[in-house]
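Single-structure report; data block below.
The values are calculated or read from the model by the stated rules, or taken from the named source; none is laboratory data. Predicted model, so just to flag it, every value in this text is computed and none were measured. In this analysis, Cβ positions are derived from the backbone assuming ideal geometry, glycine residues included, and neighbour counts consider all displayed protein chains.
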Amino acid sequence: MKNTLYIFWNRSSIKVLVLFFFSVLSFSTAQQKPNVLLINIDDMGWKDVGFMGSDFYETPNIDALSAAGMVFNNGYTSAANCAPSRACLLTGLWPQRHGVFTVGSSQRGNIEDRKIIPIKNTRFLSNKFKVIPQYLKEVGYNTYHIGKWHISKNPKDFGFDVNIGGSDAGFPKSYFPPYKNVDVEGSGAAYLTDVLTEKAVTLMTASKEPFFMYYATYAVHLPINPIPELVPKYLKRESKLGQTNAKYASMVENLDKNIGVLIKGLEDAGKFENTIIIFTSDNGGLYGITSQKPLRSGKGSYYEGGIKVPFFLVWQNKISKNTRSDFPISNLDILPTILSLTSNGNKKNIVDGADLSSLLLHRKNLMERPLFWHFPIYLQSKKWKGFVNENRDPLFRTRPGSAVRLGDWKLIYYYENDDLELFNLKDDVSETENIATLYPAKALELTRILKKWCLQTGAPIPKELNKKYNFKSDKNIQEL
């Protein structure tokens, strides 16, 4: 009897131990899966942060965070303005795949100045396209959206469990409560960026499962709503880069403070070490509000000032600290890189970006590849007091065209007259000298690469002449 009872107890113990072992193993595996914090700042230029060389703005928290990982000196966005850039980042697809080319209508600027009919824009991303949170929900992630969405009515339609502040709004009517077109509860006179960050920290620290957070603060997009107590110190400050806007500087500093709060929240919760942090901006800085010297122009332009952005990745003990790479990358690379680093099995899906994990984890450069941009529409210029126009002409920041960068060479092709601009970015990062006629073979090579890409990806090319075009406007198109 004793032996029988002993055997029964032993088998039960084994069963309990086995169940306990597998539950612990399952819990441990879930805990080991890294969190992902994707920080996508609005309209922050390449030189608007200290770690990229600003001599005007104060960004100590962002600078310290960048030093904890790998900075990309040649980090690009896939489009030069808000909505298309965000659609590309979240889908990993070039704009011709999803049709979001600009914000609102493609009929921008005076109709008599548009020589050809621009391609019709798709305002909202179709739900047939899969985005980052949907991939991660499939492998057990909680998904949180904070701040600006802009590519549909509701982020929850694209796999987010929680949405705070996101809608089709491109910018707040005010950063001070009641925020008007941004639906988020504030308290007292709380600044919008402060409120969003507080709610972000609460969500991250409370999450029992691995989380993906898309922290897409509206800052530092217009309107310029300064932090009054921060403005005075910038009024007396000088800059060799042409950065002079004290009110904008106060918004940058407030944003930096909030990045510090965000990271401290992760650290206090013991989650910093196991969180992949990606920091970037949706497009270049708004020329006339800020300056990106030596880069030319700014937001809305396909010169470097419009598409080059601050860009770095951090993952404690996985990505080496204090490292920099000159390898050109794009925000299209974010989706495949996240899927790789989180061991997501969805590798059969077609995306246009590249997996950067071998570069990040093992510092192995990828094979050289071209980066492409397609913008088959017009985007009118803006005039700002004290800023000399750095666009190709005074009427438009961008005319319909496509661009390619391969190695040190960059070519911009304009569809109105088949004009070309060729630059060697190693020798002329400011894109001051069009050398297409000096290097016809290189111009032809890149043109062929660009046209082949457009054909392969089904990029719509604007060709129809605008019957209301005033040919006197030809004088505004720079002779090339």
> Taking segment 105-133 as the region of interest, how many residues are closer than 26 Å to Pro336 by Cβ and in contact with a strand residue (DSSP E or B) (Cβ under 8 Å, 6 or more places away or on another chain)?
Replying inline: 2
> Any idea which residue in segment 234-289 is farthest from Ala219 (Cα to Cα), counting only those that are in contact with a helix residue (DSSP H, G or I) (Cβ under 8 Å, 6 or more places away or on another chain) and acidic (Asp, Glu)?
Replying inline: Asp268
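Going by the conditions given, is Tyr218 in a loop (DSSP other than H, G, I, E, B), more than 18 Å from Ser66 (Cα to Cα) and not basic (Lys, Arg)?
Working: in a loop (DSSP other than H, G, I, E, B): yes; more than 18 Å from Ser66 (Cα to Cα): yes; not basic (Lys, Arg): yes.
Taking the combined requirement at face value, the residue satisfies it.
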> Which ones in segment 258-287 are buried (at least 18 other Cβ atoms within 10 Å of the Cβ) and part of a loop (DSSP other than H, G, I, E, B)?
Replying inline: Lys271, Phe272, Asp282, Asn283, Gly284, Gly285, Leu286
> Name the pairs: first residue in segment 116-145 and more than 30 Å from Lys467 (Cβ to Cβ), second residue of a type in the set (Ser, Thr, Tyr) and in a loop (DSSP other than H, G, I, E, B), Cβ to Cβ under 7 Å, at least 6 apart or on different chains?
Replying inline: Leu125/Ser152; Leu136/Thr342; Val139/Thr342; Asn142/Ser207
> If you scan segment 396-409, which residues turn out to be touching a strand residue (DSSP E or B) at 6+ places or on another chain (Cβ under 7 Å) and of a type in the set (A, V, I, L, M)?
Replying inline: Ala403, Val404
>> Please verify whether Arg86 is in the same structural domain as Asp42 (by TED's automatic domain parsing), surrounded by fewer than 21 Cβ atoms within 10 Å (Cβ to Cβ), part of a helix (DSSP H, G or I) and not small (Gly, Ala, Ser), treating the condition exactly as stated.
In response: no
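Listed here are the residues, each with its yes/no results for (1) among the charged types (D, E, K, R); (2) under 18 Å from the mean Cα position of the chain (by Cα).
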position	(1), (2)
Gly92	no, yes
Pro95	no, yes
Phe101	no, yes
Ser105	no, no
Arg108	yes, no
Glu112	yes, no
Lys115	yes, no
Pro118	no, no
>> Filter segment 95-118 down to the residues that are surrounded by 24 or more Cβ atoms within 10 Å (Cβ to Cβ) and of a type outside the set (D, E, K, R) and list them by number.
In response: Pro95, Val100, Phe101, Thr102, Pro118
> Taking segment 459-477, which residues are touching a Phe, Trp or Tyr at 6+ places or on another chain (Cβ under 8 Å) and of a type in the set (Lys, Arg)?
Replying inline: Lys463
> Can you spot a residue in segment 229-245 that is under 21 Å from the mean Cα position of the chain (by Cα) and surrounded by 23 or more Cβ atoms within 10 Å (Cβ to Cβ)?
Replying inline: no
